[in-house]
Structure formats: structure tokens, C-alpha cells
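**Q** Dropping a structure here in C-alpha cells format, bear with me for questions.
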Amino acid sequence: MVKTDPNGRRLRGIIRMFGLRPSDVAKVAGVSQPYLSRVLSDNDPFVGSADFYRRLECCLGQMIDQRAQQFFRVAPLSVRSVERAVRDVLDMAA
């Protein structure tokens, strides 16, 4: 049986995309790790409750903001380019 729950697929994608730990997601959602595992599993017909998804909706943004790993890989700016930008801004303000 293939699960067709779109919320479970979305959640699985968010967890993968942002590098979230399922154990952390379960904790902020107020559910056990086995509950979340069942929601995320394609082989288990279990789907999360509406309350579960409402709680996630409220806290996922903050979880994503507080994650340890950045989503985009951006090279750091050189000190000289930052100094130049600051001088340009100060010159415009004068």
C-alpha cells in the first residue's frame, strides 16, 4: 500500500530540505518519535492528526530559523569588499 497523505509528503520534504532532525520535529510537535516515524513512513497507513499538523504549522518556521545548518551555501565576503561598501554608503549619506 502506498500512502497518499499530502501532508506527510510535505513534512518529509521540509525535513529533508532544511536538514531538520526528526527527533526535534517530534519534540516541538508534542508527539513521540514513533508517531512521527509512522507519519513519515510510506509503508504505514497511519496519518497525522489535524492537531499534530496545526502544532507543526505554528512551530516549524521557528525551527527552521534556529537550525544549525544554513540552507544556502554562500561564499563569505572579503573584508575589503565590505569596507568598500561601507565607504560607499557613508559617501551617499554625506
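Only the coordinates and a few stated rules stand behind these numbers; no lab work does. The structure displayed is predicted, hence computed values, not measured ones. Here Cβ is always computed from backbone atoms with ideal geometry, including for glycine, and neighbour counts include all displayed protein chains.
**Q** Could you work out the per residue convex hull volume over the alpha carbons of region 1-69, in cubic angstrom?
**A** Cα-based convex hull of region 1-69, divided per residue, equals 75 Å³.
**Q** Need one number: nm distance between label points at V2 and R84, each 7 Å from Cα along Cα→Cβ, rounded to one decimal.
**A** 5.3 nm
**Q** Mean residue ellipticity at 222 nm from the helices of the chain, using -39,500 (n - 2.57) per DSSP H segment of n ≥ 4 over the full residue count, to the nearest 500 deg cm²/dmol?
**A** The per-residue figure over the chain is -20000 deg cm²/dmol.
**Q** Projected onto the charge dipole of the chain (+1 at Lys/Arg Cβ, -1 at Asp/Glu Cβ, origin at the Cα centre), which of S37, M17, A94 gives the Cα projection farthest towards the positive end?
**A** Checked the options; the winner is S37.
**Q** Something else: In nm, give the distance between the simple-model label positions of S32 and V47, each being 7 Å from the Cα along the Cα-to-Cβ direction.
**A** Inter-label distance under the simple model: 2.3 nm.
**Q** Kindly state, to the nearest 0.05, the FRET efficiency for D91 paired with Q70, given R0 = 25 Å and r defined as their beta-carbon distance. Before the final figure, lay out the partial values.
**A** Details: r = 32 Å, r/R0 = 1.27.
After rounding to 0.05, the efficiency reads 0.20.
**Q** May I pose another question? What does the charge count near G19 come to, summing +1 for each Lys or Arg and -1 for each Asp or Glu among other residues with Cβ under 15 Å from its Cβ?
**A** Result for the local shell: +3.
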